[in-house]
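Enquirer: Below you'll find the structure I mean.
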Amino acid sequence: MKAAVYPGSFDPVTLGHMNIIERAASIFDKVYVCVMVNSEKNPMFSRQERVEMIQRCCAGLPNVVVETSGGLLVDYAASRGAVAIVKGLRAVSDFDWEFQMALANKKLNPAIETMFLASSEKYTYLSSTVAKEMAKYGADLSDFLPNEIIPDVLNKQKK
Ligand code: PNS
C-alpha cells in the first residue's frame, strides 16, 4: 500500500487544495492531509478548526485521512509510513521555495520523495490569502472555497 502526505497551512482549504487532494487520492492508496505549522504565517483558524473543515470537505473521499501535527513534516510522514510528500505548484513563483523545502526534507529523510502536481489552470491564481481577502470585501466565494466551509469563513469575518 502506497501512502502520501499532503501538508499545508490550509487557512482555509481552497478549491485549489481540494483539486490536489482529489488527484493525489486517485494516485495513492491513502492520502494523509496534514495541517501543519508554517512559522511565517499567522493563521485565522486554529489547527483543530482547519482539520474539521477539511474533514467535512473530504467526506466523500474514503482513502483520505485529515490530521494535524506541530512537528517536522518528514517525521509525520515517516510515522504514517508515507513514501511521498505531495505539493501543488501553481506558478514559477512557487518553485524556488518549494524546491528548497523539497531538498531540506530530502536531507532530513532521504527515503521520502517530494512529488509536485501542477495546479489546475483554473486555480493558478488562487490561494487561501486571496480567498480571505475576497471574504473581507463580501465577494462571492463559491469559485474559491468549497461550499462546506464558506459559512465558517464568513462567520470569522464577523468576529
Ligand atoms: O501551505 P503552506 O503554508 O505553504 O505549507 C507549508 C508547510 C506547513 C508544509 C511547511 O511550513 C512545513 O512543512 N511545516 C512543518 C515544519 C517542517 O517540517 N518544515 C520543513 C523543514 S525545515
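The values are calculated or read from the model by the stated rules, or taken from the named source; none is laboratory data. Bear in mind that the values here come from a model prediction, so they are computed numbers and not experimental data. As a convention, Cβ positions derive from the backbone with ideal geometry for all residues, glycine included, and neighbour counts pool all protein chains shown.
Enquirer: Pick out the one residue from 92, 83 that is of a type outside the set (S, T, N, Q) and more than 25 Å from residue 125 (Cα to Cα).
Expert: Sole residue among the options that is of a type outside the set (S, T, N, Q) and more than 25 Å from residue 125 (Cα to Cα): 83.
Enquirer: Would you say residue 127 is touching a residue at least 24 places away in the same chain (Cβ under 8 Å), surrounded by 13 or more Cβ atoms within 10 Å (Cβ to Cβ) and within 13 Å of the ligand (Cβ to nearest atom)?
Expert: yes
Enquirer: Quick check: is even one residue across the stretch 80-91 farther than 18 Å from residue 31 by Cβ and either within 13 Å of the ligand (Cβ to nearest atom) or without any contact (Cβ under 8 Å) to a residue 40 or more places away in the chain (or both)?
Expert: yes
Enquirer: Which condition does residue 18 not pass, out of (1) under 21 Å from residue 150 (Cα atoms); (2) in a helix (DSSP H, G or I); (3) touching a Ser or Thr at 6+ places or on another chain (Cβ under 6 Å), if it passes all the others?
Expert: It fails just one condition, (3).
Enquirer: Within the stretch 97-113, is even one residue more than 16 Å from the ligand (Cβ to nearest atom) and either under 14 Å from the mean Cα position of the chain (by Cα) or modelled with pLDDT under 95 (or both)?
Expert: no
Enquirer: Taking the stretch 134-150, which residues are surrounded by 12 or more Cβ atoms within 10 Å (Cβ to Cβ) and of a type outside the set (Val, Ile, Thr)?
Expert: Once the filter is applied, which keeps residues that are surrounded by 12 or more Cβ atoms within 10 Å (Cβ to Cβ) and of a type outside the set (Val, Ile, Thr), the stretch 134-150 yields 134, 135, 139, 141, 143, 144, 145, 146, 148.
Enquirer: Might you check whether a residue that is within 15 Å of the ligand (Cβ to nearest atom) and either within 24 Å of residue 142 (Cα to Cα) or touching a Pro at 6+ places or on another chain (Cβ under 6 Å) (or both) occurs anywhere in the stretch 66-76?
Expert: Checking the stretch 66-76: at least one residue is within 15 Å of the ligand (Cβ to nearest atom) and either within 24 Å of residue 142 (Cα to Cα) or touching a Pro at 6+ places or on another chain (Cβ under 6 Å) (or both).
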